[in-house]
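In what follows, a single structure is set out as structure tokens and then discussed.
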């Protein structure tokens, strides 16, 4: 079990865990999950970490089919600007490896923003805390466990 799955179980959150064979050479871990699990790309979200100008970390959850709009994230977080966090910093802060960073069960709770597109979905898929492992849950439950909020932070490719 991962910390993400343990957190879901501890709080009695309805969820399902899906696993797929992880390809370390995959161009996109989220894209790999979409293809191998046969999921709708609009329902599969990636977890990214950004750093504010004051070096605070933010968790941004956006569809794998798009990209993170750093300007929109900064606006949603009420800061001047954001940049992507360093890989080592993200791994150290979350306790997860890049490609398997879950928004759930991180070592420390960080301010979390979920792209507003998730509001219209009954279920979202996010990393369960390990490459090749996804968890499906209601977006409202994801926000409840992370203390997060919706904001339009994703951009279509």
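Rule-based calculations on the coordinates, nothing more; no lab input. All of these numbers come straight from a predicted model, not from anything done at the bench. No Cβ is skipped: glycine too gets one built from the backbone with ideal geometry, and neighbour counts run over all protein chains shown.
Brief remarks follow.
- Segments 103-111, 131-139, 83-91 sorted - mean Cβ within 10 Å per residue, highest first: 131-139, 103-111, 83-91
- Over the range 18-103, equivalent-ellipsoid semi-axes from the Cα gyration tensor in Å: 25, 15, 9
- 222 nm mean residue ellipticity, helices alone, for the chain (DSSP H n ≥ 4; -39,500 (n - 2.57); rounded to 500): -7000 deg cm²/dmol
- Listed from fewest to most Cβ neighbours within 10 Å, the set 96, 20 follows the order 20, 96.
- In percent, rounded to a whole number, the relative contact order of the range 3-156 is 30, using alpha-carbon pairs under 8 Å and six or more apart.
- Residue 144 paired with residue 35, simple spin-label distance in nm, labels 7 Å along Cα-to-beta-carbon: 3.6
- Using a simple spin-label model with pseudo-atoms 7 Å out from Cα toward Cβ, residue 10 and residue 157 lie 3.5 nm apart.
- Note on residue 121/residue 92: beta-carbon distance plugged into 1/(1 + (r/R0)^6) with R0 of 35 Å gives a FRET efficiency of 0.70.
- Per-residue Cβ neighbour rank within 10 angstrom, fewest leading, 130, 155: 155, 130
- Linear extension gain, residue 18 paired with residue 67, 0.36 nm per residue minus alpha-carbon span: 15.3 nm
- Net length gained if the chain between residue 80 and residue 108 were fully extended (0.36 nm per residue, minus Cα distance): 7.8 nm
- Answer label, with Cα Rg over 2.2 N^0.38 Å calculated from the coordinates and candidates (1) 0.94; (2) 1.26; (3) 1.10: (1)
- Among 115, 23, 32: highest mean-square fluctuation, GNM of the chain, C-alpha pairs under 10 Å: 23
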